[in-house]
1. Heavy atoms only, probe 1.4 angstrom, no DNA, RNA or ligands counted: give me Leu83, Leu126, Leu175 ranked by accessible area, highest first.
2. What residues from segment 168-186 fall in the zone where the backbone N is under 19 Å from a label point 7 Å along the Cα-to-C-beta line of Asp128?
3. Assuming R0 = 30 Å, can you tell me the calculated FRET efficiency for the pair Tyr31 and Glu100, based on Cβ-Cβ distance, to the nearest 0.05?
4. Taking all protein chains together and a probe of 1.4 Å, list Ser68, Ser50, Ser57, Ser62 from the most accessible to the least accessible.
5. In whole Å, what are the Cα extents of segment 142-181 along the three principal axes, biggest one first?
6. What do you reckon, how do Ile168, Ile145, Ile127, Ile60 stack up by accessible area (1.4 Å probe), largest on top?
7. Pairs Lys47/Lys113; Lys47/Lys111; Lys138/Lys177: which are spaced more than 28 Å apart, C-alpha to C-alpha?
Amino acid sequence: MIRTWLVAIVALILLGGCAKEPEEFNKPAEYWYEKMVTAVSNGNLEKADSYFSSLQSEHISSPLLSESTMIMAQAHMAHNEYLLAEHFLNEYIRRYATPEGREYAEFLKVKAKFLALPNLGRDQGLIDETLKGVEAFKMSYPYSIYLPQLNTMETQLHLARGVLNERIAQLYERLGKPKGAEYYRGQSPITWIKSDDIVEADIPWYREMFEGDGSSSWYDFLIPQTRSVISMDDNRTIQSTKQEKEEGWYDFLIPRF
């Protein structure tokens, strides 16, 4: 008898723990706002997104939506979810932003793109896109209080692009394409930065094992040392390849007419 009761109690506990939360709807705007803020403070952004959606769908004209949208944008930025942060910032700018609020939101959009670069020497497209965002912000807000931070980010991005250009130049050298290397080395990051003065950041040992110093890696001996058949520098490789195809070891078997 006792054993049966124990089994029943354990089953009730398990069923109670696995039961879904009751579906909530038709609540006041303040209810959803408080739930969203609590979920954000607990780090549960999935719940916070759900509560925000309920607030937005049930109270489309609520004055709490403006602040809620900015809270969600900043929460996703704090959790390194920069694409979602940019989504909320775009929504804030489109629907709720005052002139002052728009300036701040535009600054956060540039900052989100900058922070989305975990390694500034890997994503050339995102570097260029972020630099365009910096320039656009400066054009729109030439006297912004956020310019010092933007200038710092811009300098780091230009330096990163200079380092990336050097790595691409080294790659072209290894492929036997000196003109390509010369082109990328000639791309000065900006007039007030000299390419020769750029010093690469120190790479942690656990990354350096696989990435090397940009010119070689510990596994370099495993990679075949071959020259690219198609070269942008000259046609000598292509010509020699054609010649090898025309003259084979079986050439003496081919009748000469």
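The values are calculated or read from the model by the stated rules, or taken from the named source; none is laboratory data. All of these numbers come straight from a predicted model, not from anything done at the bench. In this analysis, Cβ positions are derived from the backbone assuming ideal geometry, glycine residues included, and neighbour counts consider all displayed protein chains. Ligands, DNA and RNA are excluded from the accessible area calculation, which covers all protein heavy atoms including side chains. Shrake-Rupley method; radii C 1.70, N 1.55, O 1.52, S 1.80 Å.
1. Working: Leu83 145, Leu126 35, Leu175 65 Å².
Final ranking, largest accessible area leading: Leu83, Leu175, Leu126.
2. Taking a point 7 Å out along Cα→Cβ of Asp128, the residues of segment 168-186 whose backbone N falls under 19 Å are 168-172, 180-186.
3. Numbers: r = 29 Å, r/R0 = 0.97.
The formula returns an efficiency of 0.55 here.
4. On the way: Ser68 0, Ser50 65, Ser57 90, Ser62 20 Å².
The residues order as Ser57, Ser50, Ser62, Ser68, largest area first.
5. In descending order, the Cα extents are 48, 13, 6 Å.
6. On the way: Ile168 30, Ile145 130, Ile127 0, Ile60 95 Å².
Sorted by accessible area, descending: Ile145, Ile60, Ile168, Ile127.
7. Numbers: Lys47/Lys113 25 Å; Lys47/Lys111 25 Å; Lys138/Lys177 38 Å.
Distance filter (> 28 Å) returns Lys138/Lys177.
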